[in-house]
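The values are calculated or read from the model by the stated rules, or taken from the named source; none is laboratory data. Quick caveat, the model's predicted, so the values are computed rather than measured. Cβ coordinates were reconstructed from backbone atoms using ideal geometry, including for glycine residues, and neighbour counts include every protein chain displayed. To get the accessible areas, we keep the full protein, side chains included, count just its heavy atoms, and leave off ligands, DNA and RNA. Shrake-Rupley method; radii C 1.70, N 1.55, O 1.52, S 1.80 Å.
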There are 2 protein chains.
Amino acid sequence: MRGVTVKRFFIGIDLGGTSMKIGLVSDQGKVIRETEKPTLKEEGADGVIDRMVSHARNLAKEACVPWQEIQGVGVGLPGFLDIPGGVVKYMTNLGWTDIPIRDRLQSAWQVPVKIDNDANVAALGEVWSGAGNGEKNAICITLGTGVGGGIIAEGELLHGAKGFAGEIGHIQVEPEGALCNCGQTGCLETVSSATGMVRLVHHAVSVGEKTCLAPYVRDGSLSTRHIFAEAKRGDAVARKTVDQAVHALAQVMATLSVVLNPSLFIIGGGVSQAGESLLNPLRKKYQCLAQKNARQDVRIVLAQLGNRAGFIGAAGLLAHIQK
Amino acid sequence: MRGVTVKRFFIGIDLGGTSMKIGLVSDQGKVIRETEKPTLKEEGADGVIDRMVSHARNLAKEACVPWQEIQGVGVGLPGFLDIPGGVVKYMTNLGWTDIPIRDRLQSAWQVPVKIDNDANVAALGEVWSGAGNGEKNAICITLGTGVGGGIIAEGELLHGAKGFAGEIGHIQVEPEGALCNCGQTGCLETVSSATGMVRLVHHAVSVGEKTCLAPYVRDGSLSTRHIFAEAKRGDAVARKTVDQAVHALAQVMATLSVVLNPSLFIIGGGVSQAGESLLNPLRKKYQCLAQKNARQDVRIVLAQLGNRAGFIGAAGLLAHIQK
């Protein structure tokens, strides 16, 4: 059938506590059409799943793609999952426990369905269709409220024995450091996340250090945007905070380099909106700290897909390197 | 053809600077027959490769296995390799540079050949047929002159972008620590290798600390066997040295657990001959340092194959999880 182009389409869904983002994605990782709908978690798992089913079907219809042309649906979920089994073990922010979501979606849609956690699908999205450009060994680091990670090694997402691989926010960087939500002290996340950086400035103010950031601390509005802006203007506390966040992150990236030898680090999340103000010092510090073989030709770049990374990567669970 | 058992055989070669170990291995990872021959590196790459070719053929003949029944040969090599290309880039202790060893062996033997580095094949050997029992997420740590590593993730050996994955001896554990061969300071290898532990005792003696190990320091015969023995008898310097080595190793294992979430650590190399004197404190310290999700059901065991791990794992390059 020369001349006839057979199109393959996938649907990706990024399910969050407040909204679900849904995208119709080509086998090249391009977004054909997308939508965002409220999660309405108060309807419980049954209601949410029913609406995932109909929203996805409607999206395909709106794009004039017959459902038979959908090759599969991937779903990114913020919780603890049994990925091979396709089951949500628990998902705190939706209040779900032991929901066999994959089988339920599969029987409703009659297409293959895969699930994975939200950090992993975002990493896969970036590597497949964003900053990653198909690299086979890449690590995504998301600097937001916490520090999340997703690892692609030899072209595959790493999950580990129980699905906890890539939890790089919990690498300990300061044994005597602040208490982390996870129960440990001095995790990367206590220093290099938005929360961690804000905490460092609050601490400096509380011990009497002088800083232009003090008013934001007092009215509780301090964000990393303020910190990077004041660091640029030379404020000592802001500079020290950025240095400490960059140092801890570079140290973890140096460790990851000897363990995994990636060719690419992709930095995303709210803190990464600082752009080159973050990347420049990070690249320099990484060059100082990383072992010389392992740092060869390693690129450090910003994520490109923003909050579309999740649904694109979810679609990629099915489209990516099909075996 | 009911009742007819088709046997599949593989050959594995562990090429070292002084000797090459060669084994005929079943598809279950059992050694049928093995031999060890001098490398005679002074003959150069051509001579060494010719003798690998004939020694392997002879081994099959001695085991009465016709060469046609050999499914493939794997070779473990101590050097910097282009693994997908099958080329030895450089191998210091044999003086080789840019040797396309895979293609040369393949054309001599007329069977598929794969190469990988010695630490990786040893890890694969242990996981396939030794302590690993087929685990899909396992990390082998070899405590010898240096600290070597091999990582199996999702059932596959990790190589990384340039083949440097698994170099866990070069994770920095003490930023202000001793200079490592790699140029960094305070690598795991400077503390938890045999060389590192001996160095720590030498240092203690040089600053005047009292220890029963002093005579061995003076005559240059100190080994980790002495250190573990005196630690058991309560010698303070010996104890401190073991504690420091164990702490650094456990800290690295905690980091690896959040990155890779393995279910198994296999500890090998000369230092591991201390057995439970090493494993007991290591397991305790790991439980203290590792993040609670990531340490769930993680086993820490001794390597079982000794110096046969290399050739068994080399055979496993072809036999293991054939896709």
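Annotations for the structure displayed:
- Selected residue (only one of A:Ile101, A:Ile22, A:Ile70 is closer than 22 Å to A:Leu124 by Cβ and over 22 Å from the mean Cα position of the chain (by Cα)): A:Ile70
- Meets criteria (closer than 18 Å to B:Gly316 by Cα, out of contact with any Asp or Glu (no Cβ under 7 Å at 6 or more places or on another chain) and touching a residue at least 40 places away in the same chain (Cβ under 8 Å)) for B:Gly76: no
- Residue list for segment A:90-110, filter: more than 17 Å from A:Glu43 (Cα to Cα) and either of a type in the set (Ser, Thr, Tyr) or not assigned by TED's automatic domain parsing to the domain that holds A:Val75 (or both): A:Ser107
- Here A:Gln304 meets each of (1) away from chain B (no Cβ under 14 Å); (2) touching a strand residue (DSSP E or B) at 6+ places or on another chain (Cβ under 8 Å); (3) under 30 Å from B:Glu154 (Cα atoms) with one exception, condition (2).
- Residue among A:Gly76, A:Gly16 that is crowded, with 21+ Cβ neighbours inside 10 Å, closer than 21 Å to A:Arg308 by Cβ and outside the structural domain of A:Gly148 (by TED's automatic domain parsing): A:Gly76
- Long-range neighbours under 7 Å by Cβ, at least six apart or interchain, first residue in the same structural domain as A:Asp103 (by TED's automatic domain parsing) within segment A:40-57, second among the hydroxyl-bearing types (Ser, Thr, Tyr): A:Val48/A:Thr39; A:His55/A:Thr35
- Once segment A:257-272 is narrowed to residues that are in a helix (DSSP H, G or I) and surrounded by fewer than 23 Cβ atoms within 10 Å (Cβ to Cβ), the residue that is farthest from the other protein chains (Cβ to nearest Cβ) is A:Gly270.
- Looking at B:Glu154, B:Glu176, B:Glu167, just one residue is within 23 Å of A:Val252 (Cβ to Cβ), surrounded by 24 or more Cβ atoms within 10 Å (Cβ to Cβ), among the acidic types (Asp, Glu) and without any contact (Cβ under 8 Å) to a residue 24 or more places away in the chain, and that residue is B:Glu167.
- Just one of the listed residues (B:Ile83, B:Ile32, B:Ile22) is open to solvent by 20 Å² or more (accessible area, probe 1.4 Å) and in contact with an Asp or Glu (Cβ under 7 Å, 6 or more places away or on another chain), and it is B:Ile83.
- Residue tally, condition hydroxyl-bearing (Ser, Thr, Tyr) and open to solvent by less than 60 Å² (accessible area, probe 1.4 Å), over segment A:203-221: 2
- Flag if B:Ile11 is in contact with a helix residue (DSSP H, G or I) (Cβ under 6 Å, 6 or more places away or on another chain), surrounded by 12 or more Cβ atoms within 10 Å (Cβ to Cβ) and touching a residue at least 40 places away in the same chain (Cβ under 8 Å): yes
- Any hit, segment B:283-293, residues being away from chain A (no Cβ under 14 Å), touching an Asp or Glu at 6+ places or on another chain (Cβ under 8 Å) and open to solvent by less than 70 Å² (accessible area, probe 1.4 Å): no
- When B:Cys64 is tested against the conditions (1) out of contact with any helix residue (DSSP H, G or I) (no Cβ under 8 Å at 6 or more places or on another chain); (2) of a type in the set (A, V, I, L, M, F, W, C); (3) over 21 Å from B:Gly313 (Cβ atoms); (4) part of a helix (DSSP H, G or I), the lone failure is (4).
- So B:Gly130, is it within 14 Å of chain A (Cβ to nearest Cβ) and within 13 Å of the chain's Cα centre (by Cα): no
- Subset of segment B:86-105 (residues that are open to solvent by less than 60 Å² (accessible area, probe 1.4 Å) and assigned to a helix (DSSP H, G or I)): B:Leu94, B:Ile101, B:Arg102, B:Leu105
- Tally, over segment A:106-119, of residues that are open to solvent by less than 40 Å² (accessible area, probe 1.4 Å) and either touching a His at 6+ places or on another chain (Cβ under 9 Å) or charged (D, E, K, R) (or both): 2
- Any hit, segment A:296-315, residues being open to solvent by 40 Å² or more (accessible area, probe 1.4 Å), without any contact (Cβ under 8 Å) to a residue 60 or more places away in the chain and basic (Lys, Arg): yes
- Flag if B:Val205 is touching a residue at least 24 places away in the same chain (Cβ under 8 Å), β-branched (Val, Ile, Thr), over 28 Å from B:Leu264 (Cα atoms) and more than 14 Å from chain A (Cβ to nearest Cβ): yes
- Failed item, numbered, when B:Cys187 is tested on (1) over 15 Å from B:Ala122 (Cα atoms); (2) open to solvent by 30 Å² or more (accessible area, probe 1.4 Å); (3) in contact with a strand residue (DSSP E or B) (Cβ under 7 Å, 6 or more places away or on another chain): (2)
- Whichever residue in segment B:238-254 is within 14 Å of chain A (Cβ to nearest Cβ) and open to solvent by less than 20 Å² (accessible area, probe 1.4 Å) and, among such residues, is nearest to B:Ala294 (Cα to Cα): B:Ala254
- Test result for B:Gly275, more than 14 Å from chain A (Cβ to nearest Cβ), touching a residue at least 60 places away in the same chain (Cβ under 8 Å) and within 20 Å of the chain's Cα centre (by Cα): no
- Residue match in segment B:120-129 (condition: at negative phi and surrounded by fewer than 24 Cβ atoms within 10 Å (Cβ to Cβ)): no
- Matching option when the condition is out of contact with any strand residue (DSSP E or B) (no Cβ under 8 Å at 6 or more places or on another chain) and among the β-branched types (Val, Ile, Thr), among A:Thr142, A:Thr92: A:Thr92
- Screening A:Val191, A:Val113 for residues that are modelled with pLDDT of 95 or more, over 22 Å from A:Ser223 (Cβ atoms), touching a helix residue (DSSP H, G or I) at 6+ places or on another chain (Cβ under 6 Å) and more than 13 Å from chain B (Cβ to nearest Cβ) leaves exactly one candidate, A:Val113.
- Residue check, B:Glu154 within 11 Å of another protein chain (Cβ to nearest Cβ) and not basic (Lys, Arg): yes
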